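The values are calculated or read from the model by the stated rules, or taken from the named source; none is laboratory data. Everything numeric here is computed off the predicted structure, so don't read it as measured data. Ideal geometry is used to build each Cβ from the backbone, glycine not excepted, and the neighbour counts take in all protein chains shown.
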Amino acid sequence: MSDHEKVVPFDRGQRQPDPARVAEFAATARKLQQEREGAAATVTRLLAETPYAEWPKLAQREELRNSGALDELSREVVSRVDRVPLESLAIAQLGTAVADSLSASSYPVVVLAQIRAQAWKDRGLALCYLARYPEALEAFDRAEDALRPFGTLAHDRAIVQFARATTLQEAKRYDESFALLGECKTIFIDHGDTRRHLMCGIAEAALLHRMGKFAEARTAYSDLLEQATEINDRSLLASIHNNIGHSSIELGDYTSAADHLDRAVRILTELGQPLHVARAELARGRMFVRKGDYETGIAHLHSVRQQFLKHNLVEEAGLCGLDIVEAHLLRASTIEAEAFAWQIVREFTAAQLNARAITALGYLSEAIAARNASVATVQHVRQFIRNLRKQPEAEFVATA
Amino acid sequence: MNTYLRIVVRWSSIQNGAMTLLTNHLPDERQFEVVYAGYFDLLVQIAIHKFRVPDSEAETLAHDVLISYLRKSHDVIELRPWLVGAICHASRHYWRLNSRTVPTDAETDLDRADPASVRILDSLPDQLAAREALECLNERCREILSMRYFEGCTVIEIAERLGIKPKYAQKLIAKCLRRAETLYGEKGKMQ
């Protein structure tokens, strides 16, 4: 017997897929592809030409009843959630209405589950930004319910769980969030999704920061730098440097804080994200104030404020202005503090911002004039104005 | 949300398409079909050989994994690890729903090919090429692969002859196969 004949056949055969399944796959690919084309323009147009109050009626529009349009609605939810969370929620509600009403035969069951889960996950996201945590968690339950029967959708489920973990952080349910992030990390890495794996690491470090474990948070962030560099995600790298800066400020390590904020600013500048640059610079301004260098801090905060005003972000400029008021109070410059507080009132009035914010700022200005204001008063007003994004109807309660 | 959280929680951006930045355009329909043809068999083999999922169920799982990829194509950076991760999770889920009724046979398990190695052997053009590849290896690897593929020894028999544990023997086989592929490839380039 020759050597060749002695060879043990390694016969596993090339398994041929069922032609019916190949046809289903090809048809689904074609359908999804076609639906993507033009969906962005359709969604943008419909949202623009329909009054906000009538957005729920859009669920009946045939051109929105497909996967492509739902993907675009999802993008709208995410892009607005930080700036206009109520609009974001309205779009998310539209998304769930459309997704839930799609007929069972419109897509393969796995795809339909993905579509519905994404819509409910987005709704949870918008609710989270509005601080409606129990409702957000219920929305994530709905998303997971849609995915549960399909073991093939572990990655989708991890994305929902990641959103849930972030919401649990906001709701101060830290232990649950931490456990969930660990599970998500495993699934993401199993799927080779290094970016989301890194995001989980950042969320874990953020959790430590929120818990006041600043040294542990800084270590956790620092451990992620290599991974972010490795996957060449400049945006996440900038976030990590920025967050190390924040943790370092809390630890009183201003040299490290300045170094990491510098790096964050450099990367964000290269990425062409001026607003994120301004936000990182805001942290640097606060750092100067924190370490008692009021003059430098005030000058720095003024330049940051100008950046926000340049982009017509009056509210953000006002909040930055409150940092300046706080710095003036810390150095006992009451007159400057009062004058600046009034200036913010005028800016808010001119921009027709929420009347409740103007009331709170007016109260602060008068309290400063009456020598009743402290740093705590400024912080209370700042917190109230921030919360108005989530609860626009909230009433201001004076503290002094 | 303050500045710190705003930057931390930019997670929202990854939920829907920030990864599209990494792929300039979506694969067209034909590319999807190439993916199906290219990966269906691998996914089925993983489900069957690694997780002992019954054949017909394995094909259904592989099909579902590939279908689910359609909506995530813009989001997947590396296709192969994503698909393999998905089929592994799907297979485990299958067994969670259908608890094992047949006890596994340890010996049969060990004799089943590692799916990663299966692909390596596939890449060798024919059995003669495999013998040529063996010549590129060091003595130990040559001996191990000869026992396995020329003498027809089982993993357990190889382990006994080498005085090592079967699991380790299985690892050595896979390692030697990878080495054979690398060295044989290099040899080919030189020629």
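May I ask you to verify whether residue B:7 is closer than 30 Å to residue A:80 by Cα and either more than 8 Å from chain A (Cβ to nearest Cβ) or at pLDDT below 55 (or both)? Yes.
For the range A:58-94, give me each residue that is assigned to a helix (DSSP H, G or I) and over 19 Å from the mean Cα position of the chain (by Cα). Across the range A:58-94, the qualifying residues are A:58, A:59, A:60, A:62, A:63, A:64, A:67, A:68, A:69, A:70, A:94.
Checking B:123, B:73, B:117, B:68 one by one, the residue that is more than 8 Å from chain A (Cβ to nearest Cβ) and modelled with pLDDT of 80 or more is B:73 and no other. Of all residues in the range B:41-71, those satisfying the criterion of being charged (D, E, K, R) and touching a helix residue (DSSP H, G or I) at 6+ places or on another chain (Cβ under 7 Å) are B:50, B:55, B:57, B:59, B:64, B:71. Just to be sure, is residue B:40 within 7 Å of chain A (Cβ to nearest Cβ), more than 30 Å from residue A:167 (Cβ to Cβ), at pLDDT 50 or above and touching a Pro at 6+ places or on another chain (Cβ under 9 Å)? Against the criterion (within 7 Å of chain A (Cβ to nearest Cβ), more than 30 Å from residue A:167 (Cβ to Cβ), at pLDDT 50 or above and touching a Pro at 6+ places or on another chain (Cβ under 9 Å)), residue B:40 qualifies. From the list A:339, A:360, the lone residue that is surrounded by fewer than 21 Cβ atoms within 10 Å (Cβ to Cβ) and in a helix (DSSP H, G or I) is A:339. Number of residues in the range A:321-376 that are closer than 23 Å to residue A:287 by Cα and not hydrophobic (A, V, I, L, M, F, W, C): the value is 10. For the range A:375-394, residues that are at pLDDT below 90 and more than 13 Å from every other protein chain (Cβ to nearest Cβ) total 4.
With respect to the conditions (1) surrounded by fewer than 22 Cβ atoms within 10 Å (Cβ to Cβ); (2) in contact with a helix residue (DSSP H, G or I) (Cβ under 8 Å, 6 or more places away or on another chain); (3) facing chain A (nearest Cβ under 7 Å), residue B:78 lacks only one, and its number is (2).
Considering only residues in the range B:151-174 that are assigned to a helix (DSSP H, G or I) and free of Cβ contacts under 8 Å to residues at least 12 places away in the same chain, the one that is nearest to residue B:132 (Cα to Cα) turns out to be B:171. Only residues that are assigned to a helix (DSSP H, G or I), more than 16 Å from residue A:319 (Cβ to Cβ) and not aliphatic (A, V, I, L, M) were counted in the range A:364-390, giving 1. When you check residue A:264 against the structure, is it in contact (Cβ under 8 Å) with a residue 24 or more places away in the chain, in contact with a Leu (Cβ under 6 Å, 6 or more places away or on another chain) and surrounded by 16 or more Cβ atoms within 10 Å (Cβ to Cβ), yes or no? No: the conditions fail for residue A:264. Among residues of the range A:128-140 being modelled with pLDDT under 95 and among the aliphatic types (A, V, I, L, M), the one that is nearest to residue A:169 (Cα to Cα) is A:131. Answer yes or no: is there a residue in the range A:381-394 that is touching a Lys or Arg at 6+ places or on another chain (Cβ under 8 Å), of a type in the set (A, V, I, L, M), buried (at least 17 other Cβ atoms within 10 Å of the Cβ) and within 26 Å of residue A:310 (Cβ to Cβ). Checked against the condition, which is being touching a Lys or Arg at 6+ places or on another chain (Cβ under 8 Å), of a type in the set (A, V, I, L, M), buried (at least 17 other Cβ atoms within 10 Å of the Cβ) and within 26 Å of residue A:310 (Cβ to Cβ), the range A:381-394 yields at least one hit.
For every residue, the table says whether it meets (1) farther than 23 Å from residue A:124 by Cβ; (2) within 12 Å of chain B (Cβ to nearest Cβ); (3) surrounded by 12 or more Cβ atoms within 10 Å (Cβ to Cβ); (4) without any contact (Cβ under 8 Å) to a residue 60 or more places away in the chain.
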site	(1), (2), (3), (4)
A:30	yes, yes, yes, yes
A:59	no, no, yes, yes
A:64	no, no, yes, yes
A:73	no, yes, yes, yes
A:79	no, yes, yes, yes
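In the set (1) more than 23 Å from residue A:145 (Cβ to Cβ); (2) in contact (Cβ under 8 Å) with a residue 60 or more places away in the chain; (3) surrounded by fewer than 23 Cβ atoms within 10 Å (Cβ to Cβ), residue A:85 fails one condition alone, (3).
Determine whether residue A:222 is without any contact (Cβ under 8 Å) to a residue 24 or more places away in the chain and under 22 Å from residue A:178 (Cα atoms). So residue A:222 passes the test.
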